[in-house]
Amino acid sequence: MKVLNLYFSSTGNTEKIAKQIEKASLEAGHEVETVTVTKNTEVDILVYDFVFIGSGVYTWLPGKPMMEFLKQTRERYGELGEIKPKSPRRLGKRAVVYASFGGGHTGVNEALPAVKYMGQLFDHLGYEILSEWYFVGEFHGRLQHLSTTGRLGNIQGRPNEADLRDVYERVRGILEV
Ligand SMILES: Cc1cc2nc3c(=O)[nH]c(=O)nc-3n(C[C@H](O)[C@H](O)[C@H](O)COP(=O)(O)O)c2cc1C
């Protein structure tokens, strides 16, 4: 399959996950394109059979460059007539949407909107969303204290080796569906 591995990472956590996704996809024998999203990223999503898309969570939503990318991509495919009423399914096109999040206040609840938001572009385009994944990622910078005082307890060092093994296994598993 042609796999697109799209991600935005501000402080490096999602990047670690995206690298695992790339490794697992390659080792499963697929062709993989990994793209770090910036506000100017333009990708022809429709040429890929399988898309992984992920971002860190910033105030409950994906990071700004990812939001901008989603907006521009939606507008572009809208103009091209690729987003149709009823969003008919595109046979064989599938996606996994994931977030890395710190959950300092309300736990996984504050990551749900980010994943749902990213997923809507693919649902609109007719992709089947096979799964939604949530990975814990420590807070860096001025919110660092939330890595020990938040709803999820001590999340320092996450995603850690065990988390990344989990990513690897999930990717190997889902690519065989
Ligand atoms: C400024 C800032 C705001 C954040 N806001 C949230 C948030 O609203 N909800 C949440 O669950 N995590 C939040 N986080 C934690 C990040 O989502 C988490 O550390 C994530 O793994 C970062 O991914 P990245 O390094 O790939 O950008 C925030 C982190 C920072 C630095």
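The values are calculated or read from the model by the stated rules, or taken from the named source; none is laboratory data. If you're wondering where the values come from, they're calculated on a predicted model, not measured in any experiment. Cβ coordinates were reconstructed from backbone atoms using ideal geometry, including for glycine residues, and neighbour counts include every protein chain displayed. These accessible areas exclude ligands, DNA and RNA; they are computed on the full protein's heavy atoms, side chains included. Shrake-Rupley method; radii C 1.70, N 1.55, O 1.52, S 1.80 Å.
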Only Lys, Arg, Asp and Glu count, each charged at its Cβ (+1, +1, -1, -1), so figure out the dipole size of segment 2-174 about its Cα centre, rounded to 20 debye. 320 debye
Which length gain, in nm to one decimal place, applies between Ser131 and Ile83 when the Cα-Cα distance is subtracted from 0.36 nm times their residue separation? 15.1 nm
Roughly to the nearest percent, how much of the accessible area of the chain is carbon and sulfur, given a 1.4 Å probe? 50 percent
If one builds a Gaussian network model of the chain from Cα atoms under 10 Å apart, the most fluctuating residue listed among Ala28, Ala111, Ala162 is Ala162
Pick out the long, greasy-scoring helices in the chain: whole DSSP H runs spanning 15 Å or more along their own axis by Cα, mean Kyte-Doolittle at least -0.5. 112-125
Applying the gyration tensor rule to the Cα atoms of segment 56-177 (axes a ≥ b ≥ c; rounded if a/c under 1.5, else prolate if a/b exceeds b/c, else oblate), the class is oblate
What do you reckon, how do Arg172, Arg165 stack up by accessible area (1.4 Å probe), largest on top? Arg165, Arg172
If R0 = 22 Å, then Gln156 and Val108, at their Cβ-Cβ distance, give a FRET efficiency to the nearest 0.05 of 0.75
In deg cm²/dmol, rounded to 500, what helix-only [θ] at 222 nm does the chain give when every DSSP H run of at least 4 residues adds -39500 (n - 2.57) and the total is split over its residues? -11000 deg cm²/dmol
Indicate, rounded to the nearest 5 percent, the antiparallel portion of the DSSP beta bridges found entirely in segment 2-174. 10 percent
Accessible heavy-atom area order of Tyr77, Tyr117, highest first, probe of 1.4 Å: Tyr117, Tyr77
How high is the FRET efficiency between Leu91 and Glu27 when r is their beta carbon distance and R₀ equals 35 Å, given to the nearest 0.05? 0.85
Pick from Arg158, Arg94, Arg142 the residue whose mean-square fluctuation is largest in a GNM of the chain, springs joining Cα atoms under 10 Å. Arg142
Accessible area (Å², per residue) of the chain, counting only protein heavy atoms and a probe of 1.4 Å: 50 Å²
